[in-house]
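Read through the structure below, which is laid out as structure tokens, and then see the notes.
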Amino acid sequence: MGDLRVGRHTLNPLVILGATGSIGSQTIEVASRIGAPVVAVAANRASDELHAIALAHPDAMICVAEPGEGRDRFESDFGDRVHFGPGAVTQAAAIPNTTVVNGVVGAAGLRSTLSALYAGNRLALANKESLVAGGSLVREALDAGGGELVPVDSEHSAIWQCLVGEEHSSIERLILTASGGPFLGMDRDGLRSASVSQALDHPTWAMGPRITTDSATLMNKAFEVIEAHYLFDIAYDDIDVVIHPQSIVHSFVEFIDGVVKAEFGFPDMRKPIQYAITEPDRVAANHGGFDIAGTTMSFEDPDTETFPCLGLGYEAGRIGGTATAVLNAADEVAVDAFLGERIRFLDIPEIVATVLERHDASLPRDIEDVAAADAEARAYAVEECALRS
Ligand code: MG
């Protein structure tokens, strides 16, 4: 495949992991708009959505982690270009000289993250669980493989863009913005009866069910603090969170001379996805700016008593090692139980706190250590969910 040039630089072919999800489908849209070739797509299931993507990309390798009953149809329709099993996904991430967009949901994304970085690829990371579960391993893989780790998450993309041309030593602190989610302004009493449909009704961003629930508890912001720590090598004491319900400012960086930079715009994930693919160039796209005149923006401190997950994130981050993997695993189980209406909204932080307390954290040597901490946390979280349902 020939090199495609945009601006001054060569645009790598794309490997899109989690292709049928929210990030994956928007990545496919961006890729076709800017003319980026797609060499591989991966998804968990042999779904109709993945089938349609495979038809639309006749040269792409297709990977299905858990094909189930759909295997036969994919095999007969796509022959040699379809590959099955989790190993196929991690192999796709290692295709040389590609940009790997990791939009996998959950801790399963870590293997592909490590695979892409050890292969020296540019990794456009939307799977924040990679850094939450295995941040130290991701940094090791980055150093060993000589690849690039770039954010897709809107807040981190904003920080990344604010840091263009700046020295690390010039950073005073990072300020992540949080929409506050659908329950902003409510107290614990009001949250006792919070339903799944209320939690999934996010005011500004359209995302998958787990991340939307995590936004309602502020756990998503807790993960993003940890993500920022590993991406930008900034101490937890120098990462702050501010509630900004309009989601217009995607984050701030304050510098040592008191200057503050921010990145603004109408919320649209296609912008950070595209920048992660084209950086250092910008490519024209009709993603909309925003009308400055008439725009009202407000900022306030988070209510950490009503939303304890944010504090739990700092706590796990400061403990370090496997503690953040445990934070993620316990939350994944608790959110799943909440979405299945087996526990209540306010049970989520209690379950996570209890599981975190039971865990004896250590620095993971490899992905198996992370997997062991993850499995232990899941088992504890399942027990805690059962006690409450
Ligand atoms: Mg975000």
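The values are calculated or read from the model by the stated rules, or taken from the named source; none is laboratory data. Keep in mind the model is a prediction, meaning the values are calculated, not measured. Glycine also receives a Cβ, built like all others from the backbone with ideal geometry; neighbour counts cover every protein chain displayed. Surface accessibility is based on the protein's heavy atoms, side chains included, excluding ligands, DNA and RNA. Shrake-Rupley method; radii C 1.70, N 1.55, O 1.52, S 1.80 Å.
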Review point. How many angstrom separate the Cα center of the range 317-351 from the Cα center of the range 354-388?
Key: 10 Å
Practice item. Can you work out the PRE-style zone for VAL260? Point 7 Å along Cα to Cβ, and I want the residues of the range 272-304 with backbone N under 15 Å. Key: 297-302
Exercise for review: Compare THR10, THR99, THR90 by solvent-accessible area with a 1.4 Å probe and give them largest first, with all protein chains kept in place.
Suggested key: THR10, THR90, THR99
Exercise for review: Take the solvent-accessible surface of the protein heavy atoms, probe 1.4 Å, and return the percent of it on the chain that carbon and sulfur atoms account for.
Suggested key: 49 percent
Exercise for review: State to the nearest 20 debye the size of the charge dipole of the range 304-389 about its Cα centre, where the only charges are +1 on K and R beta carbons and -1 on D and E beta carbons.
Suggested key: 120 debye
Point to revise | Dipole of the chain [Lys/Arg +1, Asp/Glu -1 at C-beta], most positive-end residue of HIS202, SER22, GLY265 | key: SER22
Practice item. For ALA372 and GLU300, compute 0.36 nm times the residue count separating them, minus their Cα-Cα distance, and round to one decimal in nm. Key: 22.1 nm
Review point. Nearest-5 percent of antiparallel DSSP beta bridges in the chain?
Key: 30 percent
Review point. Which lysines, on any chain, are close to LYS128 with Cα under 22 Å apart, when same-chain ones fewer than 8 places away are left out?
Key: LYS221, LYS271
Study note, to complete from the structure: A chain fully extended from SER389 to VAL283 at 0.36 nm per residue, minus the present Cα-Cα distance, gains in nm 33.1 nm
**Study point:** For the range 26-85, accessible area per residue (1.4 Å probe, heavy atoms of protein chains only), Å²
**Key:** 48 Å²
Practice item. Please get the size of the charge dipole for the range 4-152, origin at its Cα centre, with Cβ charges of +1 on Lys and Arg and -1 on Asp and Glu, quoted in debye to the nearest 20. Key: 500 debye
Study note, to complete from the structure: Between ASP77 and ARG188, the two model label points (7 Å from Cα along the beta-carbon direction) sit apart by a distance in nm of 5.1 nm
Review point. Taking the alpha-carbon centroid of each part, what is the distance from the range 51-105 to the range 218-282 in angstrom?
Key: 31 Å
Review point. Which of the listed residues, LEU149, ALA116, GLY134, is farthest toward the dipole's positive end in the range 4-152, when Lys, Arg count +1 and Asp, Glu count -1 at the beta-carbon?
Key: LEU149
Review point. Once fully extended, how much extra length lies between ILE319 and ASP360, figured as 0.36 nm per residue of separation less the alpha-carbon to alpha-carbon distance?
Key: 13.8 nm
Study note, to complete from the structure: With +1 at each Lys and Arg Cβ and -1 at each Asp and Glu Cβ, the charge dipole magnitude of the chain around its Cα centre, to the nearest 20 debye, comes out at 940 debye
